[in-house]
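**Q** I'd like to ask you about the structure that follows.
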Amino acid sequence: MTTTADSKLANRRRRLPLYPALIFTIILTQIPFLVTLGISLFHWNIMYPDETRFAWFENFQTVAADEAMRAAIKNSVMLTTGVVFFSTAFGLLLALLLDRKFRGRALLRILVITPFLITPVAAALIWKHIIFNPMYGIVNGFATQIYQKFGGDSVVVIDFISQRPLVAIAVPMIWQWTPFMMLIILAGLQSQPPDILEAAAVDGASSRQIFRSMTLPHLRQYIQLSIVLGTIYIIQSMDFVFTITQGGPGSDSTIIPYQIYLTLFRKYEFGEAAAAGVIVIILTIILSSFAFRLIRNLLETEK
Amino acid sequence: MSTLKVNKPRQKTSLASRFSLSTFAWFLGLLFFFPVFWTLLISFRQEVDAGTFPPKWIAPFTLENYEKVFKVGAKSFLLNSAIASIGSTIVILALAFPAAYALSIKPIKKSKDVLSFFLSTKFLPPIAALLPIYLILKELQLLDNIFALTVFYVAMNLPLAVWLLRSFLKEIPRELVEAAELDGASTIKILYRVLVPISMPGIAATSLICFIFTWNEFLLAINVTGFGAATAPVYLVGFVTAEGLFFAQLSAVSIVVSLPVIIAGWAAQDKLVSGLSLGAVK
């Protein structure tokens, strides 16, 4: 009896160090979401406080019928898909190139990860003004120089931000997220046991065969992980939209988080914003269940 | 020996392609880095030479943009960012290290469920928590308070830190802890006398990653701070609307704001990937 009591006590002592972090996390992360859930059932606009009332699921109907929110969902899907696709493709390419030994590889790696380290708002501003500015940006500047070198006599003036707002947001995001994808895929490449690859080479397998039948299957879960994690991070971020286009022109480049932000602090429709938030939570739970499984898998194979 | 024989001809034939692949790697890598390079370049120019048509490669050197950044008063915003990111990182370490210990070396029952819970909070969309956070801070009259923002930054990155620290602590042999326990050491002693000193690399990597995420955070900062507690990214967004010609200044400000994270990221580059993948990839 004493031994079980002792081990119970020991167990409790071992659990103690966990509690501060656990309780803090539960309070600060779970309560806000419960409050959001609660508010989503109320009609509540702080400009009209007298009209506050319990509204069941009306907010969800309003959100579903809202044109701007529909545009936001469409844009979010397009932007996230595009950014994830291209940054994974470039990331894979760079990872394969950087996995080989060559002169100055360490330096090049540092240079390539730098875009990911630039503060997103700063990156967005650099692209908006210094690169994409129709008159003084370097894209049009260099394009004109090249064009005139080949006999052109006019000036290239493309206003990406008003003519192709989603592209003007996607390109800097791809630039910023490629190193993220590259780092995960590169880690995957370098976690391949070298002796097995050598053994395959000894057995006469060509490097293409080795790549297709060994490296790619091994890489698959790393690529999946970078896609899923990237999707979760990218779909939640609104720094670039906020800074580059403010969702415009019209609703052409608005995305879900930005639209919720507008509903909150421009329209003051707290109930609607909360309902949209609940929808986002549900979507995120679905997405992150994939991430969950992948992370668990990787951790188990590692043992 | 046979390895050498088989490998040699393969390497010889591909020497040319290896060279061109390296060149291609350099070309692509430098292309990626070019926007940073250009920003750096024009941050050392006068405005008249910064946003020209067509772009100029060579122009007189000046430090006046950097002087202006600090004169205009970016200092207080950088200070706010420093308080929020360094402060939150310290609190995170104090909370996460003991928790990671309970979940790693001699893991408690249900440690897998606890870990999953931590992971799941990392995936929750911040935008859905924005309204309650705003309302709570407003109610407590803590809007535009840098310490209130810091508390929420702790909540944002604590789960990540628990996962990361756990992945480092897992490598420590449990015999070490058991020996200390036999000597009668208390949990606190085991943590701070035995485990902290040998986990320094892991602690350093975790701090750098928490620092990076907090320094760059924008969504919460722009909505719960005003002029007083605004962090560097919030200041950046407001900076642009002020003047006409501002390419050189904008470049200098962007570099100054990003520099702490660039340095942290370069320092932590080996651990960066395990931080970004929540410890799933080493």
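**Q** Starting from the Cα of B:R193, step 7 Å along the direction of its Cβ; do the same at B:A94; then give the gap between the two resulting points in nm.
**A** 2.2 nm
**Q** May I pose another question? Count neighbours as other Cβ atoms within 10 Å of each site's Cβ, and list the GluC sites (Glu not before Pro) in region B:106-213 that are DSSP loop with at most 15 such neighbours. List each step's numbers first, then the result.
**A** Details: sites: B:E139, B:E171, B:E175, B:E178, B:E181; in loops: B:E171.
Loop-located and lightly packed - B:E171.
**Q** Divide the volume of the convex hull of the Cα atoms of region A:53-155 by its number of residues and quote the answer in cubic angstrom per residue.
**A** Working: hull volume 23.3 nm³, N = 103.
It is 226 Å³ per residue.
**Q** Per DSSP H run of n ≥ 4, the term is -39500 (n - 2.57); total these for the protein assembly as shown, divide by its residue number, and report the mean residue ellipticity at 222 nm rounded to 500 deg cm²/dmol.
**A** Details: 30 runs with 417 residues, N = 585.
For the protein assembly as shown, the value works out to -23000 deg cm²/dmol.
**Q** Is there a quick way to get the dipole size of region B:66-276? I mean about its Cα centre, with the Cβ of Lys and Arg at +1 and of Asp and Glu at -1; what is the value in debye to the nearest 20? Write out the running numbers ahead of the final one.
**A** Details: 15 positive and 12 negative charges, 55 e Å.
Using Cβ point charges on Lys, Arg, Asp and Glu, region B:66-276 gives about 260 debye.
**Q** Chain B: longest stretch without exposed chymotrypsin sites (Phe, Trp or Tyr not before Pro) (DSSP loop, at most 13 other Cβ within 10 Å), sites themselves excluded?
**A** On the way: sites that count: B:W57, B:F61, B:F227.
Value returned for the longest uninterrupted segment is B:62-226.
**Q** On to the next question. Given labels modelled 7 Å from the Cα in the Cβ direction, how far is it in nm from B:S20 to A:H218?
**A** Those two pseudo-labels are separated by 2.7 nm.
**Q** Considering only protein heavy atoms and a probe of 1.4 Å, how much of the accessible area of the protein assembly as shown is carbon and sulfur, as a whole percent? Intermediate results must be reported in sequence, preceding the final value.
**A** Numbers: 18180 of 27160 Å².
Carbon and sulfur: 67 percent of the exposed surface of the protein assembly as shown.
**Q** Using packing as a proxy for protection, rank A:151-162, A:80-91 so that the peptide with the highest average count of other Cβ atoms within 10 Å comes first.
**A** A:80-91, A:151-162
**Q** How much space per residue, in cubic angstrom, does the convex hull of the C-alpha atoms of region A:20-302 take up? Intermediate results must be reported in sequence, preceding the final value.
**A** Working: hull volume 54.9 nm³, N = 283.
Taking the convex hull of the Cα positions in region A:20-302, it is 194 Å³ per residue.
**Q** Residues of the protein assembly as shown: accessible area per residue at 1.4 Å, in Å²?
**A** Details: 27160 Å² over 585 residues.
Solvent-accessible surface per residue comes out at 46 Å².
**Q** Continuing with the same structure: Mind checking the mean number of beta-carbon atoms from other chains within 10 Å of the Cβ atoms in B:145-154? Numbers along the way, then the final one.
**A** Values: counts 0, 0, 0, 0, 0, 0, 2, 3, 0, 4.
Counting other chains' Cβ atoms within 10 Å and averaging over B:145-154 gives 1.
**Q** Hey, if you put +1 on the Cβ of every Lys and Arg and -1 on every Asp and Glu Cβ in chain A, which of A:I39, A:I118, A:I146 ends up farthest toward the positive end of that dipole?
**A** A:I118
**Q** Using +1 on the beta carbon of Lys and Arg, -1 on that of Asp and Glu, and nothing else charged, what's the dipole of region A:20-302 about the Cα centre, debye to 20? Mind showing how you got there, number by number?
**A** Details: 18 positive and 17 negative charges, 178 e Å.
Roughly 860 debye for region A:20-302.
**Q** Determine the dipole magnitude for the protein assembly as shown: charges of +1 sit on the beta-carbon of Lys and Arg, -1 on that of Asp and Glu, nothing else is charged, the reference point is the Cα centre, and the result goes in debye to the nearest 20. Present the calculation step by step, with values, prior to reporting the outcome.
**A** Working: 47 positive and 33 negative charges, 441 e Å.
Rounded to the nearest 20 debye, it is 2120 debye.
**Q** Pairs to check: B:K122/B:K282; B:K122/B:K189; B:K71/B:K271; A:K101/B:K170; B:K56/B:K271. Give those whose C-alpha atoms are more than 28 Å from each other in this structure. Kindly include the intermediate steps, with their values, before the conclusion.
**A** Details: B:K122/B:K282 19 Å; B:K122/B:K189 30 Å; B:K71/B:K271 36 Å; A:K101/B:K170 31 Å; B:K56/B:K271 38 Å.
Pairs exceeding the cut-off: B:K122/B:K189; B:K71/B:K271; A:K101/B:K170; B:K56/B:K271.
**Q** For q values of 0.08, 0.09, 0.13, 0.15 Å⁻¹, compute log₁₀ I(q)/I(0) with the Debye formula on a Cα-only model of chain B, without solvent.
**A** -0.51, -0.62, -1.01, -1.14
**Q** While we're on this one: Simple spin-label model, 7 Å along Cα-to-Cβ: A:D50 to A:R103 in nm?
**A** Those two pseudo-labels are separated by 8.0 nm.
**Q** Let me confirm one metric for peptide B:31-38, namely the mean number of other chain beta-carbon atoms within 10 Å of its residues' beta-carbons.
**A** 6
**Q** Comparing B:S85, B:S186, B:S167, which has the greatest mean-square fluctuation in the GNM of chain B with Cα pairs linked when under 10 Å apart?
**A** Checking each option, the largest mean-square fluctuation is seen for B:S186.
**Q** If N is the number of residues in the protein assembly as shown, what value comes out of its Cα radius of gyration divided by 2.2 N^0.38 Å? Please report the intermediate quantities before stating the final value.
**A** Numbers: Rg = 25.9 Å, N = 585, 2.2 N^0.38 = 24.8 Å.
Scaled against compact globular proteins, the figure is 1.04.
**Q** With an 8 Å cut-off on Cα pairs and a minimum separation of 6 or more residues, tell me the relative contact order of chain B in percent. The partial results should precede the final answer.
**A** Details: 261 pairs, mean separation 83.9, N = 282.
After rounding, I find 30 percent.
**Q** Please identify every one of the trypsin sites (Lys or Arg not before Pro) in region A:62-168 that sits in a loop by DSSP and has no more than 16 other beta carbons within 10 Å of its own beta carbon.
**A** Values: sites: A:R70, A:K74, A:R100, A:K101, A:R103, A:R105, A:R109, A:K128, A:K149; in loops: A:R100, A:K101, A:R103.
Those satisfying the criteria are A:R100, A:K101, A:R103.
**Q** Taking only complete DSSP H runs, can you tell me which helices of chain A stretch 27 Å or more along their own long axis by Cα positions and average at least -1.0 on the Kyte-Doolittle scale?
**A** A:67-99, A:165-190, A:216-236, A:270-302
**Q** Could I ask something else about it? Once you average over the residues of A:157-166, how many Cβ atoms of partner chains fall within 10 Å of each Cβ? Let's see the in-between values first.
**A** On the way: counts 1, 0, 0, 0, 0, 0, 0, 0, 0, 0.
Mean inter-chain Cβ contacts per residue within 10 Å come to 0.
**Q** Which of the chymotrypsin sites (Phe, Trp or Tyr not before Pro) across region A:1-60 are loop residues per DSSP, with 12 or fewer other Cβ within 10 Å? Intermediate values should be presented prior to the final figure.
**A** On the way: sites: A:F24, A:F33, A:F42, A:W44, A:F54, A:W56, A:F57, A:F60; in loops: A:W44, A:W56, A:F57.
Here the chymotrypsin sites (Phe, Trp or Tyr not before Pro) that fit, given the DSSP loop and packing criteria, are A:W56, A:F57.
**Q** Have a look at region A:214-228 and report residues whose accessible surface goes down by 10 Å² or more when the remaining protein chains are included, against the chain on its own, probe 1.4 Å, ligands and DNA/RNA excluded.
**A** Those are A:Y222, A:L225, which lose 10 Å² or more relative to the chain on its own.
**Q** Checking understanding here: applying a Kyte-Doolittle mean of at least 1.6 and a length along the axis of at least 30 Å (C-alpha), which whole DSSP H helices in chain B pass? Walk me through the intermediate numbers first.
**A** Numbers: long enough: B:15-43 (41 Å, 1.57); B:74-102 (42 Å, 1.48); B:146-169 (32 Å, 1.76).
Qualifying helices, which must be both long enough and hydrophobic enough, are B:146-169.
**Q** Estimate for me the total accessible surface buried between chains A and B (protein heavy atoms, probe 1.4 Å, no ligands or nucleic acids), in Å² to the nearest 100.
**A** Counting protein atoms only, the buried area is about 9200 Å².
The values are calculated or read from the model by the stated rules, or taken from the named source; none is laboratory data. The structure displayed is predicted, hence computed values, not measured ones. Cβ atoms come from the backbone with ideal geometry, glycine included; neighbour counts cover every protein chain shown. Just the protein is used for accessible areas: all its heavy atoms, side chains included, with ligands, DNA and RNA removed. Shrake-Rupley method; radii C 1.70, N 1.55, O 1.52, S 1.80 Å.
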